[in-house]
Each structure stands twice: as structure tokens, then as C-alpha cells.
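Report on one structure; see the data block that follows.
The values are calculated or read from the model by the stated rules, or taken from the named source; none is laboratory data. Predicted model only: the values in this text are computed from it and were never measured. Cβ atoms come from the backbone with ideal geometry, glycine included; neighbour counts cover every protein chain shown.
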Amino acid sequence: MKKTVTAFTLGLSLLASTAMAGDVRMMWYSDGVEGEVMKDLLARFHAQNPDINVILDEVAYKVVQEQLQIQLEAGSGPDIARVTNIKTLAPHWLNLTPYLSDPDYWRTNFGAYADWMREDGSDAITGFMTQLTLTGGFANKTLFEQAGVAMPGAGATWDDWVNASAEVAKSQGTAAAFAIDRSGHRISGPNASYGANYIAADGMPAPMDAGSKAFAEKLVGWVADGKMLKDTWVAASGSTYRAAADDFINAAIPFYYSGSWQIANLSSKIGTGFDWVAIGSPCGTVACSGLAGGAALVAVKYTKNPEDVAKVMEFLGSEEIVKEFSERTLFLPAHAGVVTKGGLKWDTKDPNVGAALDKFVSAATEVAPAAAALPSWKWASAYYGALVNRISQVMAGELTLDDAYTKIDSDIAEQVAAAK
């Protein structure tokens, strides 16, 4: 028993600390099949670079969200990490520029999103986006057809989609009409669709405005009348992320709002169970906006092996590997060369996938300016966390909406003050 505990403790210690000489530790989470793809790519890298041992630490997404920052603030952590909280943690990323064989390659192919991954005013090269994402909805086409309910068309509002889905739920006996991931990020595109703007004129967080309040009121109302799956939001606390993908996969809801990163997950788990479609983002009063973003693979500045880290990053960031990774994971690439040349051959036989990817590509042109500004904004994560925490408390009956609005503003102000 003592040996078992010691081994477990040692494992946790290694996960939380930078690698020893000759080792490169990578913290990695997966939405779908990308973990298996990464293992394959790293095995290929090791065959070409036997002196560099890359250790892939596969963890749950919430480990990255909740524990990585604690490690980084302590001056430790992995050598490379896959993250979505990119801008907030930018002070901890390594400037790879001195270690790269061709920095201009990175500026040319990844430069469009470089500001998402570095501190304001910096020209550092810290990593690359493993994929671009866009929030958006999915509908269970089979359930709609069985219920005899027409899916809303172009220009349909959030109310249109929720009400139509409620008809399907009533007909087919599903748990609820729809669900949206428990995430402040996930509701920010819809907020912008109702006119929300988080960023004040001075670049600091603005108070909750009418647009954010409008969609918050809808969310709370949909939970109260049973249209929105309540457990997704109230069965967790704080800013903890919780997806509703499994509920959609199990046909417990006919409408699900998440994002393009779910495509591979839905395809692999639903299989031929039912037909599903991507629907873009329903409309608010001013836009029909999702929120762009993605996951970045970044180097951590506390590494003891920056030269080895750069070699791993150069391999994974090469055009050939980015193209293969995108094709096999069904992710939209963020590499300018891959996008320009096109010709991506998606590794799937699922007829639902190609149309879904095409829909997200077209929906990317509808992102509202207020939403487009968020991925590179320093305080976005503070805003997201406050939104999800307080709105879920209203859904649980612990706060009124007016109290939640006041607390959201104060929560964000506290984070700003703490950062200073």
C-alpha cells in the first residue's frame, strides 16, 4: 500500500512540475478523437528525434481550466499545454522566437491569431492554434422529422428554435427542448446577438448591459418553464465548465448549443443512431452571432528544455502535420497555408460531418463585432466566469436576476483589482 501511495504521489508531482532534462511534458485535453491523433503524431516525432521524450499527460478539460493556472502561478506546470484560456494566462507563455529555426514561417502562417496568445503589445511567438472554433447549434434532424415539426430556417431567432424544439420534446418525450453548455463563453455569442458589449471605451470591462441581461433573462426563463435542461447549469458550482454533449448524443434533447469542436465527438458517438445537422447561431435582436475561438498549443516559460520544446512545436506546427491533424480530428485549421491551399480530405464516412463543417465555415461570416473582439481581450475569461457562476445561482433559486447583475459586476471588478 505504501508503494502504491508513493507511486501515485510521484505521478501527481510529475504532472504538476516541469519536465526533467530530455523530457517534454505536454498537458492535453480532448473533446473528441484528437488525443489519439496526437499520440500517433508524437510517436512519429520521437522516431525522428529519439533523444527527446515527449510525455503526453491526458487530463479532463476542467483540470486545464481549474488547476493549470495554480501551477503556473507557482512557477511550475507542464512544458507545453493545450489551453482555451489563452489570453488570460499569456504572461506564463514562453517566447519561442529565439529557439525557432524559421520565425517568419510562424508569423506568416499563424500570425493572424498571434495576439490571442500573447500579452498586449508583445510580438512574441508563443504557440499556435490547434484549431479554430465557432460556437453554434446542432439539431437532431430525426427527432424533428418524427415529431412532424419543421426546423426553423435562415434568420430564425432563439425563441423560434427553443419553441420548435419544445414541440419536438413534447411529441417525443425528451428530457427538455434544448441545452447550452455551462459556460460563460458559450452564452457570449448569443449575448452579442442581443446587443451586448463587454468592453468599455478604455478597454476595461463594462458593466452588464441590456444585451447581456436580455439573454440572461431568457436562459433563466427557459429553465423555469422546463424548456432548457436545468441540470447542465445547476449541478455544478462556480465557473466549472459542463457540456451537454452526452444529452444530445443520447437523444435526450433535440437542440444543443455548443460549438464546432463537437463535430468529431458527435460523429464518433452517434454513428448511425440518428441524423443531425449544424444550424449556426440563432438570431437575437441585432445579430445571429456565434463566438470565434479555439484551442492553442502553447509553450510554458518555466520549462527547463526550451530548445526541445521548440523542436516539438515546430514539428506539430508544420504545414503537413497541421493539415493531417485537421483532417483526422475534423477541426477547422488556423494555418494560413493550409487554408489557402484547401483540399482538406476529412477523415470520415459520416454524411453529417461535411455539411456541419460547411455550416460553421459560413456562420463565421456572421460573427458580430462585439463578439469578434473577445478572443484577444485580456478580461474575457473574468467576464465569462462571473456570468456562468451568477446566472446558474439564479437558475438554482439562490439569487434574483437583479442581484446577479450586481454581483457579476463586482466579481469582475475584484478580478481586475486582484490582477493589478
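Here E66 passes the criteria (1) touching a strand residue (DSSP E or B) at 6+ places or on another chain (Cβ under 8 Å); (2) touching a residue at least 24 places away in the same chain (Cβ under 8 Å) except the one numbered (1).
Here I125, I86 are screened, and the one residue that is in contact with a strand residue (DSSP E or B) (Cβ under 6 Å, 6 or more places away or on another chain) and part of a loop (DSSP other than H, G, I, E, B) is I86.
In the set (1) modelled with pLDDT of 95 or more; (2) within 23 Å of the chain's Cα centre (by Cα); (3) among the basic types (K, R), the condition left unmet by K311 is number (2).
When F110 is evaluated against the numbered criteria (1) crowded, with 20+ Cβ neighbours inside 10 Å; (2) more than 27 Å from G342 (Cα to Cα); (3) touching a helix residue (DSSP H, G or I) at 6+ places or on another chain (Cβ under 9 Å), which criterion, by number, is the only one it fails? Only one criterion in (1) crowded, with 20+ Cβ neighbours inside 10 Å; (2) more than 27 Å from G342 (Cα to Cα); (3) touching a helix residue (DSSP H, G or I) at 6+ places or on another chain (Cβ under 9 Å) is unmet by F110, namely (2). Pairs linking a residue in segment 131-160 that is without any contact (Cβ under 8 Å) to a residue 12 or more places away in the chain to a residue that is crowded, with 16+ Cβ neighbours inside 10 Å, with Cβ atoms under 7 Å and 6 or more positions apart or on different chains, do not occur.
Total residues in segment 325-352 satisfying the condition of being in a helix (DSSP H, G or I) and surrounded by 18 or more Cβ atoms within 10 Å (Cβ to Cβ): the figure is 7. Identification of helices (runs of 4 or more DSSP H) wholly contained in segment 138-219 with 1 or more residues that are in contact with a Leu (Cβ under 8 Å, 6 or more places away or on another chain) yields 158-172, 188-193. Consider A224 carefully, then state whether it is of a type outside the set (D, E), under 20 Å from S381 (Cα atoms), over 22 Å from the mean Cα position of the chain (by Cα) and surrounded by fewer than 21 Cβ atoms within 10 Å (Cβ to Cβ). So A224 does not fit the description; no.
Exactly one residue among A296, A368 is crowded, with 23+ Cβ neighbours inside 10 Å and either of a type outside the set (A, V, I, L, M, F, W, C) or touching a Ser or Thr at 6+ places or on another chain (Cβ under 6 Å) (or both), and that residue is A368. Against the conditions (1) farther than 25 Å from K87 by Cα; (2) basic (K, R); (3) buried (at least 22 other Cβ atoms within 10 Å of the Cβ), K218 satisfies every one except (3). If the condition is being more than 21 Å from the chain's Cα centre (by Cα) and closer than 15 Å to A179 by Cα, then segment 254-275 contributes only P254. One residue alone among P91, P190, P152 is farther than 30 Å from T285 by Cβ and at pLDDT 95 or above, and that residue is P91.
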